[in-house]
There are 2 protein chains.
Amino acid sequence: MNHPTDAAGTVSPFLSDLDIVKTASLTTVLEKEIERLILTGELEPGIRINEIHLSNRFGTSRGPLREATRSLEAKGLVEVIRNRGVFVRRLSVEDAIEIYDIRAALFGQAGRLVAERMDDKLLGELTRLVNRMDEIAETGDVDAYYPINLAFHNLIVTSCGNRTLAAEYQRFVNKLHLFRTRALVQSGGLKISNTEHRGMLEALASGDGDRAQLAHWRHVSLAKKRVLAAST
Amino acid sequence: MNHPTDAAGTVSPFLSDLDIVKTASLTTVLEKEIERLILTGELEPGIRINEIHLSNRFGTSRGPLREATRSLEAKGLVEVIRNRGVFVRRLSVEDAIEIYDIRAALFGQAGRLVAERMDDKLLGELTRLVNRMDEIAETGDVDAYYPINLAFHNLIVTSCGNRTLAAEYQRFVNKLHLFRTRALVQSGGLKISNTEHRGMLEALASGDGDRAQLAHWRHVSLAKKRVLAAST
DNA sequence: CTCGCGTCAACTGTCAACAGATTTGACGGT
DNA sequence: ACCGTCAAATCTGTTGACAGTTGACGCGAG
């Protein structure tokens, strides 16, 4: 990507810091910061983003902030209504269903790609994570299960060799955070969930793309049904 | 989505026109216009978008134009480099491959959803389009084949009942236009392509979701291989 | 002729101010 | 007490201007 540090040989942390400063415009910084506020729930769905207040809070003018919100609108995190303002997007149950189906499709594709480029090292790491989840599932400790589960899914998506796919998948996962679901994983589902993980793992190890795609698709699809059943 | 017309019951075309006028800000208009310029090839990949020139051309100031380009950046149509400007995105072969895989995943999901909600009316329309393509394939008229083919794919995607999926699918199809491929459909592939269409049609008619998903996925995946084979 | 340096025009990043729309709240009539 | 009307306040849409950066051109030294 024509990185300025490419020509310098080894890159010192200091230099890379400078590089970050140079690359980051106010718009970029604001966008990431607002996205963080939304994903952490500090800006709740449905709330209006006041341009003046927020730009004052960050010490900038309204220009860069407006550019940042336009970008977030295209990413689906906020909604802009002319002459009324930008609102943190609120997802209906129907919206969540639609996004789950997209996520399932993308995750299935990722599973297929991973199956076709599997190696021992990756298989070892995935197996380790699933084993770890099995142990935790016995105790029913949801808080401990969640990060491992996340790492397992992330490892699959980032190992598929398709960076665009990985980025888009992440975008939809983020968007799902706008759905009114904190603590959506019910402890009873841990063992079931990890059983599906084992099935995915076997499919990945077999190298059968069709099989892996179906297993991964089904996993997300079942997660969708679990969430929906819990939210009605 | 809290649309203003929701409460009004039926929506007249006139009302929806008014609604459009009220909703359109300069930013929105500029965004759609620039997107059109890019997709029609009037703004070629790699070219820089001069803020002053373009805003003068549309008779606006640079503010709305910058907001529009930020939105297009998030959609993946342009690339913004700090202090240098925004450039119409140029897709490498690797980028195109990645997007084709995403498109295949989404189209497969659409096929599954359609199969699960199939009705006679839709089946009739789809069958008509495939028959039409068969006739045209005999003559080898690529220019006549293309719009029917497009209509066939669009009908499937818009009939799947998932509006978000349809919008995202369209976004990736648009993005593929940035790839250096005019006239990518080689006439020899028409019959092969429509053979695949018939397979998809049968799968849809059977109501078997797994089967339909695989058939639709494979169709795009094979199209990917054909395009790549022609571009190396 | 080539390379390096300084200068300059062009362009982007950011800001402050103006114009128009929307919301708020008070007021008077019913 | 309730409702419609109207005006002030608040906020967004848009513009023009200023500051900093980048890339190009030209000039002189080697």
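The values are calculated or read from the model by the stated rules, or taken from the named source; none is laboratory data. Computed from a prediction, not measured in an experiment: that's the story for all the values here. Positions of Cβ are generated from backbone atoms using ideal geometry, with glycine treated the same way; all protein chains shown enter the neighbour counts.
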- Item | Pairs where the first residue, in segment A:81-109, is over 23 Å from B:Thr28 (Cβ atoms) and the second is acidic (Asp, Glu), C-beta under 9 Å, 6+ apart | A:Ile102/A:Glu168; A:Ile102/B:Glu168; A:Leu106/A:Glu168; A:Gln109/B:Asp101
- Task: Sort through B:Ala205, B:Ala223 and tell me the only one that's in a helix (DSSP H, G or I) and within 30 Å of B:Glu79 (Cβ to Cβ).
- Result: B:Ala223
- Message: Restricting to segment B:24-69, name every residue that is touching a helix residue (DSSP H, G or I) at 6+ places or on another chain (Cβ under 8 Å), near DNA strand C (Cβ under 10 Å from one of its atoms) and not in a helix (DSSP H, G or I).
- Response: B:Ile49, B:Ser61
- Would a scan of segment B:215-230 turn up a residue that is within 14 Å of chain A (Cβ to nearest Cβ), surrounded by fewer than 17 Cβ atoms within 10 Å (Cβ to Cβ) and in contact with a Lys or Arg (Cβ under 7 Å, 6 or more places away or on another chain)? no
- Tell me which residues, restricted to segment B:50-89, are more than 15 Å from DNA strand D (Cβ to nearest atom) and in contact with a Phe, Trp or Tyr (Cβ under 9 Å, 6 or more places away or on another chain). B:Gly76, B:Val78
- A:Met200 vs (1) surrounded by 14 or more Cβ atoms within 10 Å (Cβ to Cβ); (2) at pLDDT 95 or above; (3) within 13 Å of chain B (Cβ to nearest Cβ); (4) within 26 Å of B:Glu168 (Cβ to Cβ): all pass except (3)
- With the condition kept exactly as written, say whether any residue in segment B:134-141 is of a type in the set (A, V, I, L, M), surrounded by 15 or more Cβ atoms within 10 Å (Cβ to Cβ) and closer than 13 Å to B:Leu190 by Cα. yes
- Note on the structure: Selection over segment A:143-181 where residues are in a loop (DSSP other than H, G, I, E, B) and under 13 Å from the mean Cα position of the chain (by Cα) yields a count of 2
- Restricting attention to segment B:80-115, report how many residues are within 11 Å of chain A (Cβ to nearest Cβ) and either crowded, with 17+ Cβ neighbours inside 10 Å or part of a helix (DSSP H, G or I) (or both). 22
- Of the residues in segment A:52-79 that are among the basic types (Lys, Arg) and free of Cβ contacts under 8 Å to residues at least 12 places away in the same chain, the one that is farthest from the other protein chains (Cβ to nearest Cβ) is A:Arg57
